[in-house]
Amino acid sequence: MPAGMAEALERMSAADWRGVEDSLRERPHATLPWRIPPDECAGLAGLWDDATAFRSRVDMGRHRFGVGEYRYFARPLPPLVDALRRQAYAPLAAIANGWMEALRAAERFPTAFEDFEARCARAGQRQPTPLLLRYEAGGYNCLHQDLYGAVAFPMQIVVFLSRPGVDHEWGEFLLVQQRPRAQSIAEVIAGEQGEMVVFANRFWPGLGSRGFYRTNVRHGVSRVRAGTRFALGIIFHDAV
């Protein structure tokens, strides 16, 4: 295992997940307290031209999702992607179960990723969903939610692989809360290279005067003005 990858995984296992949970209590996203090294970011972005690494590709313009392209990784997933997905799942599942309890929802998520993966398979969701996204000048991603079937984990991770101001201009990550009976709240995250952000991908428990309430959350990417922007999306539920 490359030294950079081993260091990133070691930092993840020793991370302050309580601090992550506290941040997610205040807003529907949190920057994780470590980064992917630049060489690993370049290696992941470099997989773009390896057709064998992917199971499918999506032209966003064709489907009116935006302007750009993303590609879903095939199994076996790249080692770093697979390791990040598996190691991040357990602490995030504990947080997600806290959200369900706060919202008085019956759904709970298993502690082990393998058990959640099996739940997806029983629902007919067997295709891996981690993906690599690329935007050229003029590219953007419309606000959306990444749902692929009946089973859905309420959080996912974006890893910024490019250097803002060097590799590309603009192209910020966008997050919008659609609050009941109130105006929406928008968050804008620039995202430095290697930075990892966990975010609510369908709903988030906001706290009001009468307790917790459910806000719908969508995410996207603002228009890239120049250059090329790569990002890695780590989605925990599989697809049909």
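Each value in this text was obtained by applying a stated rule to the coordinates, not by laboratory testing. These numbers were taken from a predicted model, which means no experiment stands behind them. We place every Cβ from the backbone using ideal geometry, glycine too, and count neighbours over all the protein chains shown.
So that you can scan it fast, the table gives a plain yes or no per residue for (1) out of contact with any helix residue (DSSP H, G or I) (no Cβ under 6 Å at 6 or more places or on another chain); (2) under 27 Å from residue 34 (Cβ atoms); (3) surrounded by 17 or more Cβ atoms within 10 Å (Cβ to Cβ):
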position: 159; (1), (2), (3): yes, yes, yes
position: 166; (1), (2), (3): yes, yes, no
position: 173; (1), (2), (3): yes, yes, yes
position: 204; (1), (2), (3): yes, yes, yes
position: 210; (1), (2), (3): yes, no, no
position: 216; (1), (2), (3): yes, no, no
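Which strands (runs of 3 or more DSSP E) sit wholly inside the stretch 163-212 and have at least 1 residues that are in contact (Cβ under 8 Å) with a residue 60 or more places away in the chain and among the small types (Gly, Ala, Ser)?
195-200
Could you look through the stretch 103-124, keep only residues that are of a type in the set (Asp, Glu) and surrounded by fewer than 14 Cβ atoms within 10 Å (Cβ to Cβ), and pick out the one that is farthest from residue 213 (Cα to Cα)?
It comes out as 114.
Regarding residue 24, is this residue in contact (Cβ under 8 Å) with a residue 40 or more places away in the chain and within 30 Å of residue 214 (Cα to Cα)?
yes
Any chance you could count how many residues in the stretch 148-162 are in a loop (DSSP other than H, G, I, E, B) and either among the acidic types (Asp, Glu) or under 12 Å from the mean Cα position of the chain (by Cα) (or both)?
The qualifying residues number 2.
Going by the conditions given, is residue 89 touching a residue at least 24 places away in the same chain (Cβ under 8 Å) and under 27 Å from residue 170 (Cβ atoms)?
So residue 89 does not fit the description; no.
For every residue, the table says whether it meets (1) closer than 23 Å to residue 116 by Cβ; (2) loosely packed, with under 13 Cβ neighbours inside 10 Å.
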residue	(1), (2)
35	no, no
48	no, no
56	yes, yes
63	no, yes
82	yes, no
91	yes, no
